[in-house]
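S.K.: Quick one: this structure, given as structure tokens, is what I'll be asking you about.
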Amino acid sequence: MKLTPTLKEKIRNLFVQGEETSQGTRTLYTLDYLATDNKIGKSTLYRYAKNENWKMQQETFQQEYLSELDATRKKEMVGESKQIELTPRGDPN
């Protein structure tokens, strides 16, 4: 199969960003898997990935994604903590 600009962008996005599952986790794909799945020569895909720094882009995306995930989880924990503090603990008598 020919690696069109549209297909290259799709493959790059799957490699760099992965795909969110229905359980809310993120699946990352290897270049080998993406080459095989899309019937593209591995050497062709590796060449584009290297020349366009996909690995560095993936690492940057992962760092930002994890930071965002941490911030979201922190907000949830603070909200749960406030909710616990506001919950009556029973009759002190």
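The values are calculated or read from the model by the stated rules, or taken from the named source; none is laboratory data. Nothing here was measured: the structure is a model prediction, and the numbers come from that model. Cβ atoms come from the backbone with ideal geometry, glycine included; neighbour counts cover every protein chain shown. Each accessible area value is taken on the protein alone, full model and side chains, heavy atoms only, with ligands, DNA and RNA left out. Shrake-Rupley method; radii C 1.70, N 1.55, O 1.52, S 1.80 Å.
S.K.: Within the range 1-19, work out how many residues are in contact (Cβ under 8 Å) with a residue 40 or more places away in the chain and either under 18 Å from Glu64 (Cβ atoms) or open to solvent by less than 40 Å² (accessible area, probe 1.4 Å) (or both). I'd like the intermediate steps shown before the answer.
M.R.: Pass one, the range 1-19, residues in contact (Cβ under 8 Å) with a residue 40 or more places away in the chain: 3, 8, 12, 15-17.
Add one more test, that the residue is either under 18 Å from Glu64 (Cβ atoms) or open to solvent by less than 40 Å² (accessible area, probe 1.4 Å) (or both), and what stays is 3, 12, 15-17.
Of the residues in that region, 5 qualify.
S.K.: Being touching a helix residue (DSSP H, G or I) at 6+ places or on another chain (Cβ under 9 Å), open to solvent by 60 Å² or more (accessible area, probe 1.4 Å) and not β-branched (Val, Ile, Thr) is the filter here; which residues of the range 20-32 pass it?
M.R.: Matches in the range 20-32: Arg26, Leu28, Asp32.
S.K.: Can you name every residue in the range 20-61 that is touching a strand residue (DSSP E or B) at 6+ places or on another chain (Cβ under 7 Å) and not β-branched (Val, Ile, Thr)?
M.R.: So the first thing to find is which residues in the range 20-61 are touching a strand residue (DSSP E or B) at 6+ places or on another chain (Cβ under 7 Å), and the list is 20-21, 26-27.
Selection gives Glu20, Arg26.
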